[in-house]
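Notes to accompany the following structure.
What follows draws every value from the coordinates through simple rules; no lab data is involved. Everything numeric in this text was worked out from a predicted model, so none of it was measured. Counting neighbours? That spans all protein chains shown, and the Cβs are built from the backbone with ideal geometry, glycine included.
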Amino acid sequence: MPRKSPFKIVLANEEREDLISLARKYTAPYKDVIRVKAILMAAEGMENKEIGEKLNLPRKTVSKWRKRFFYKREKGLVDRCQLAP
């Protein structure tokens, strides 16, 4: 049984509104929407396994994005190859 994630996601109201807006954006890339939805679910207290089941993602993928968001906030949701100059 996986342990509880040490990366607890707490969102400020403005941050939550920004993420919800992105998740609803019709023109946003699917991968970005899924990442944002995973973070919103994590902020609601859902476990990585449960989020993965709902979004059809491996638990490790959910864990990766939760950890990156925890340390870098919205900037952490961008693919690393997009950050390269």
Got a sec? Which of LYS25, LYS31, LYS37 is surrounded by 15 or more Cβ atoms within 10 Å (Cβ to Cβ) and of a type in the set (Lys, Arg)?
LYS37
Restricting attention to the stretch 50-66, which residues are surrounded by 15 or more Cβ atoms within 10 Å (Cβ to Cβ) and under 15 Å from SER5 (Cα atoms)?
ILE51, GLY52, ARG59, THR61, VAL62, SER63, LYS64, TRP65, ARG66
Tally the residues that are more than 21 Å from GLU17 (Cα to Cα), assigned to a helix (DSSP H, G or I) and either of a type outside the set (D, E, K, R) or touching a residue at least 40 places away in the same chain (Cβ under 8 Å) (or both), restricting the search to the stretch 33-61.
5
Taking the stretch 9-32 only, how many residues are touching a residue at least 40 places away in the same chain (Cβ under 8 Å) and assigned to a loop (DSSP other than H, G, I, E, B)?
1
